[in-house]
Every structure is written in structure tokens, then in C-alpha cells.
Amino acid sequence: MRFFHPKLFDSFKGYNGALLSKDVMAGITVGVVALPLAMAFAIASGLKPEAGIFTAIIAGGLISLLGGSRVQIGGPAGAFIVIVYGIVDHYGVANLLLATAMSGIFLFLMGLFRLGTLVRFIPVAVIIGFTNGIAVLIGISQIKEFFGLQITKMPAEFFQAVQTVYAASDTVNPSALMLSIVSLALLIAWKIFQKNLAYLSHIPGTVVAMAAATLLTSVLNLPVDTIGSRFGGIPSGLPSFEWIPISWGTAQFVIAPAITLALLGAIESLLCARVADGLIHDRHDSNQELMAQGIANLVTPFFGGMPATGTIARTVTNIQSGGRTPVAGIAHSLTLLLIILFGAPLAKNIPLASLAAILMFVAWNMGEWKKFVDLKQFRLPYRITMLSVFFLTIILDLTVAIQVGLLLAFITFIYRISSLSRYEVASAIDFPELQPHQGRISAFRIYGAIFFGAVKILESIENELPTQTLLLDLKNVIYIDVSGMDAILELEEVCKAQDITLIICGLAHQPYEMAARGGLLERLPKDCIYSDLQQGIAATLS
């Protein structure tokens, strides 16, 4: 079972009472921070608030127990809001549970087959583009509750959502708007105070804002929607296990949303783990983290939960509060469990306007807006990729945005690498002995990679063929792919047809292996392959 090795197993070496107390206190702090966020994420996703709390408890506990990071805190995340809301709107809650469970299987398989490191190959431009796009969509989705608009249901599509908000703009609830503004102002002020007053650093602003708004609603008896009026409160205990109806037809129906959830969960959790590594100077096991995320997402739906992943805000809070092992994450789950066991009735008066303000605050802090300001310093392809992903995420769909972003990044990469590959005629200064044989003997040096995006190099050499001998120096070629080898073999055929001797020099490492596998070494005589260009020229002229 070495392939499945949670970080928790390594955390007990040298573990003592001091570390335990720090982890427990950090877990309690994160648990309190997670409560309003979990409820807000669930409500914004079109679910009941308890779905977010159950996910934070069950998935959060499993991710800490089985994960590959010492300090990562798992649970419902803002990045999922848009995706989950769209799935609920188009497929229904039952199919969301199935898609979540399927995404858990995909995540586990990604970790099992050691694909965790591949997530790092997603370009930064794509990640920033969809992160900022999701932040904008979260903000738009909360306009209804922020202003207390009389809207039965917000559409999942961008243009329809804007049209719906505009149509209901004359139904603003002044009390809800007042609570939203007060909550948002308090969140901003608290963040400023925390920077200047150390004793406030461990008191979460989200909890302060939620508590203040709840107190105002109760004392003034404000006419606003609350968790009690909208959902009847939250249960005072965990739900029982309930089997999800599964059929092959239904599974096929939600396979695309499940893949989207899995990819987004993998990206979000591993990015979060990398941020945590930098803060605690440790290194996470990406494949173990994916397997833990997979198990958590497979189990949680059977208890009415929603998709879960690593959460940057709660993870950073955990680290700043002194958490250093997965025990803190487990303590965070137990804290949430105790809160709903003994404090569930108090949640009835929490106003939805306050939770909307909290989500807007989270969305603003989630986006990397400075990257847009700094766009001028980047190349045009980078700007096009980032902005394309950003606008496609908002207007169309996150899946389409990522696909287009990866395609643009791929094309840009191919163009950049192909532009770095080049060839040149061997200098007469370096090889003066070739001077008398110009036209009959030609030597070319190739640099970079010979791959499908750079085969034009060999096509150009075909137009400059000598009459007797062609020498190719591949000493500075670092990579040859199948298309590149086919182009070399085609050049060999052209040379043979024109009775020109082809001599290959400097084959080493991967190019040599490719030449062997591609059959080039078999097709060329032994006296046509040399370790460097100097030997090849000497043999040709002898």
C-alpha cells in the first residue's frame, strides 16, 4: 500500500502536546471560519445550507485524514459555485450527487495513475482567466440576495441572469440592501484592522459580519429572507447514509459535468497545496492528495453533500493559526459537527443578504485583478489566452473556456518552440576544407527540436541540396518526434533518388533512440553515421 500513504502517517514523528494544542486551536478557528462560507457556498449553488456544512464536515475530515498535504483544509469552494449551480439547474440535485460521486472516482484514478503532476502543466494564463471569470460569476449570482430582489430563480446562463436582474431592478428590498452594505463594510474594515491590530488577527471577519447582521435582523425584526424563512433552518445532526440511484443511462448523461468537477477539483486542490507548501516550507504528495479528494467526493454525496476540494482561504487561516499537521483539519471538522449539534437553532435568523455580502467579498479576494492591470507587460498570445478564458468563462461555460484556453496555449507553445528551432550552413571559417567543394558537398547544423511544428527546417534544406554529399549535424538537436523522424526519412529518400549521400552526425540521447526506433540507422550505411561533424567531413573528403 505504499502507493496510498497519507501525510497523517508521517505527522506523528516527534508529535507532542504542544503541537496538539496548536493544531486543535487552529482547527477550532478554521471551523468557525468555515461555517458561514460553507452555508453561503451551498445556497449560492442552489442547494440547502446544510449541504455545505455536511460537505465541510465529512469531506473536510476525509481530506485531512487521507490527504497528501499536512495543512490543507478541504470543503466546499467558491470555484464550484458556478459549475454546481449549472448542474442543479440543468440536471437536478439527484444528478448532481451522481456527478459528484463520479468525479470522486475520476479524481481517485488520476491520483492512482500518478497524474497529479500533469495539473502543473496548465498554463498560468488559463488558471488566472477562469479564476477571475468565476469570481465575476459569483458576484453576479449574489446580486439577487444582496439587493433583496424578488426573483423566483436566477438563471445559470450569464445573459439570462443579467436580463433577469435588470427586469427585477425595481423590487429592491431596502432592509436587505442595508444589511448587505453593513456586512460588506464590516468585512472590509475588519480586514484593515487585522493588519494593524494583532489581537484581531485570529478573529474571522466573516463570522463577525454574519453575527452582526443576525443580531440586527433579530433585534429590529427586519423584513428580510433568512435561513429559517427560506430553508426552515439547518438540521441539528448529520444525515444518514442514503444510496444514490445509479444507472448506466444516467451516468452517461452526467459524465461531462463529472469530468468538469474532477478537473476543477484537481486544479483547485493542487494549486492550494502548492500555496501551502510555500508557507510551511514542505512538499505535498499531489497523487495522494488527488486520491483523498476522490474518496471525499465519492463518499459525501451519499450524505447529501456537494463537491469538495482544497480551499485556499481556510488553508491559509489554518497555517496562520498555528496548524501544522492534518490533526488541525480533523479538528476543524469536529468543530463544525459540534456547532450543528448544539447551535443549529441559532442559524435560523442568519440573513441571506449577509451571506451574499460575504460571498461577494470572497469573490473579490479570489480574483487576481492585478494581473489584468499588468497585462501590457506580457506578450500578445498570453493576453489573448487569459482574456479569452476570462470572457468565455463568464459568457459561455467553464469547460469551453478551459478547452479554448489550453488550445490557445498549445498553439502559442508550438509557435514559440518552432521559432527557436533553426538551421545554418556550416561556417567556412570553422571548416575551411569545405570551401573548394561548394555545390558538391554541403553541411548543415540544426538547433532545437525537430518535431511536427518545425519540419519546415528539413523542407528548407531539401531546397538547398548539393550534388554529391549532404551532411546533417544533429549535435544541438534536443528532441525529435515521430513527425520529425518521418521528415528525416523523407529527406533520406529524396537524397537517394538524386544519388546524394546523406551523412548524419552528432546523434545522441533521445534523437539517437528515435533514429534507432524510426529505422534511420538501418537505412543508412555505417560509414554515413559519425559522432560529430568534423569526423563526418574528414571521412567525406578522404
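The values are calculated or read from the model by the stated rules, or taken from the named source; none is laboratory data. No experiment lies behind these values; they were computed from the predicted model shown. Note: ideal-geometry Cβ built from the backbone for every residue, glycine included; neighbour counts use all protein chains shown. The protein model used for the area step is the full one, side chains on, heavy atoms only, and it has no ligands, DNA or RNA in it. Shrake-Rupley method; radii C 1.70, N 1.55, O 1.52, S 1.80 Å.
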Within region 465-492, tally of residues that are open to solvent by 90 Å² or more (accessible area, probe 1.4 Å), more than 36 Å from the chain's Cα centre (by Cα) and farther than 19 Å from Gln534 by Cα = 2
Can we say Leu507 is in contact with an Asp or Glu (Cβ under 7 Å, 6 or more places away or on another chain) and not in a helix (DSSP H, G or I)?
-> no
Is it the case that some residue within region 172-188 is open to solvent by less than 80 Å² (accessible area, probe 1.4 Å) and at positive phi?
-> no
(1) touching a residue at least 40 places away in the same chain (Cβ under 8 Å); (2) within 20 Å of His509 (Cα to Cα); (3) not polar (S, T, N, Q) all hold for Leu474 apart from (1)
Given (1) closer than 26 Å to Pro326 by Cα; (2) in contact with a Pro (Cβ under 8 Å, 6 or more places away or on another chain); (3) surrounded by 24 or more Cβ atoms within 10 Å (Cβ to Cβ), Ile57 misses just (2)
Kindly indicate the residue of region 499-508 that is open to solvent by 20 Å² or more (accessible area, probe 1.4 Å) and in contact (Cβ under 8 Å) with a residue 12 or more places away in the chain and also farthest from Pro432 (Cα to Cα) among those meeting that condition.
-> Ala508
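With Lys496, Lys456 as the choices, which residue is more than 30 Å from Ile122 (Cβ to Cβ), basic (Lys, Arg) and either out of contact with any helix residue (DSSP H, G or I) (no Cβ under 7 Å at 6 or more places or on another chain) or open to solvent by 40 Å² or more (accessible area, probe 1.4 Å) (or both)?
Going through Lys496, Lys456 in turn, the sole match is Lys496.
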Out of region 244-263, which residues are in contact (Cβ under 8 Å) with a residue 12 or more places away in the chain and either part of a helix (DSSP H, G or I) or farther than 29 Å from Tyr91 by Cα (or both)?
-> Thr250, Ala251, Phe253, Ile255, Ala256, Pro257, Ala258, Ile259, Thr260, Leu261, Ala262, Leu263
Subset of region 142-157 [surrounded by 18 or more Cβ atoms within 10 Å (Cβ to Cβ) and at pLDDT below 90] | Met154, Ala156
What number of residues within region 518-537 are open to solvent by 40 Å² or more (accessible area, probe 1.4 Å) and in contact with a helix residue (DSSP H, G or I) (Cβ under 8 Å, 6 or more places away or on another chain)?
-> 5
Which of (1) among the acidic types (Asp, Glu); (2) under 44 Å from the mean Cα position of the chain (by Cα); (3) part of a helix (DSSP H, G or I); (4) surrounded by 15 or more Cβ atoms within 10 Å (Cβ to Cβ) is the odd one out, the single condition Glu513 does not satisfy?
-> (4)
Please work out which residue is farthest from Phe41 (Cα to Cα), limiting yourself to region 194-233 and to residues that are at pLDDT 90 or above and not in a helix (DSSP H, G or I).
-> Asn221
Residues in region 190-211: is at least one crowded, with 22+ Cβ neighbours inside 10 Å and over 20 Å from Ala77 (Cα atoms)?
-> no
Are any of the residues in region 395-418 open to solvent by 40 Å² or more (accessible area, probe 1.4 Å), at pLDDT below 90, under 30 Å from Ile446 (Cβ atoms) and among the small types (Gly, Ala, Ser)?
-> no
Could you tell me which numbered condition Phe241 fails, if it satisfies all but one of (1) open to solvent by 40 Å² or more (accessible area, probe 1.4 Å); (2) modelled with pLDDT under 90; (3) outside any helix (DSSP H, G or I)?
-> (2)
Return only the number of the condition from (1) of a type in the set (A, V, I, L, M, F, W, C); (2) closer than 28 Å to Ala356 by Cα; (3) buried (at least 24 other Cβ atoms within 10 Å of the Cβ) that Val32 does not satisfy.
-> (3)
Members of region 244-275 that are crowded, with 22+ Cβ neighbours inside 10 Å and either touching a Phe, Trp or Tyr at 6+ places or on another chain (Cβ under 6 Å) or aliphatic (A, V, I, L, M) (or both) | Val254, Ala258, Leu261, Ala262, Leu264, Ala266, Leu270, Ala273
